[in-house]
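Reading through the structure tokens given below for one structure.
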Amino acid sequence: MEGGMALTEELYRDIVRAVAGEALTTEYEGVTIDWSKPFARVDYFEEFKKETGIDLSRDVSVEMLRAKADELGIKYDQAAGEGRLIDTLYKKTVRKRLIEPCFLVGHPLLVSPLSKIDPTDPKRALRFQPIAAASELGNGFAELNDPADQRRRFEEQMKLRAAGDTEGMMLDEDFLEALEYGMPPACGFGMSERLFAILLDRSVRETVIFPPTRLASKE
């Protein structure tokens, strides 16, 4: 994960330089964003507790999270489990304050079904997200390569699907079989198209490549 974060920061800074020049500053919705500084690391648990008063290092319940969402006037899916509710609260509180480029780290395992467990804290995942202008600009993590642990995670996700959570993951037997054959330690990362929306001060709809590509293929 550490190697993935270093590579990601270097990659994003090179992209900004190619788009905006050596000054490494961009404007988004009237706010200047400085990409030249080392990306700060923002601890998910610490910031979540500051904003909501809920300590994720302790056991949390659906009822507790719903009560906090109701208190803050945040809408949520009635079928959502603990993980989805935590994610909803985070997006409406913590993420709104993350303007300068940073890495969000130390995510709850409940919201990271494909990430490896942090060996120093079983409630956390080895995951990172580059964030700027209150937007998630990618997602990376130490890949979970333990097939038994991955099966347990899939089964938990399937229970959420059965309870009505449409975002719960499906159990993937082919993926589990591949893990059983063996997978070395690895970091996975996906870049978000939001990066280009932020750099160009445009909406995601204007900068994502898929709709224009689909239109061109039809023509």
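No lab work stands behind these numbers, since they all come straight from the coordinates. All values derive from a computational prediction rather than experimental measurement. Glycine also receives a Cβ, built like all others from the backbone with ideal geometry; neighbour counts cover every protein chain displayed.
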Degrees, to the nearest 10: 147-162 long Cα axis against longest axis of the chain: 90 degrees
Ellipsoid semi-axes in whole angstrom, largest first, where each is sqrt(5λ) of the Cα gyration tensor of region 99-173: 24, 16, 10
Anisotropy class of region 1-52 from Cα gyration tensor, a/c 1.5 cut: oblate
Estimated FRET transfer efficiency when R0 is 30 angstrom, pair E173-E136 (beta carbons, to 0.05): 0.50
Inter-label distance, nm, simple model (7 Å from Cα along the C-beta direction), E10/A40: 2.5 nm
In Å, descending, principal axis extents of the Cα set of the chain: 47, 46, 43
FRET efficiency, M183 to A163 (Cβ-Cβ, R0 41 Å, nearest 0.05): 0.85
Sites E29 and D121 - FRET efficiency at Förster radius 35 Å, r taken between beta-carbons, to 0.05: 0.45
Ellipticity estimate at 222 nm from DSSP helix runs (n ≥ 4, -39,500 (n - 2.57)) divided over the chain, nearest 500: -13000 deg cm²/dmol
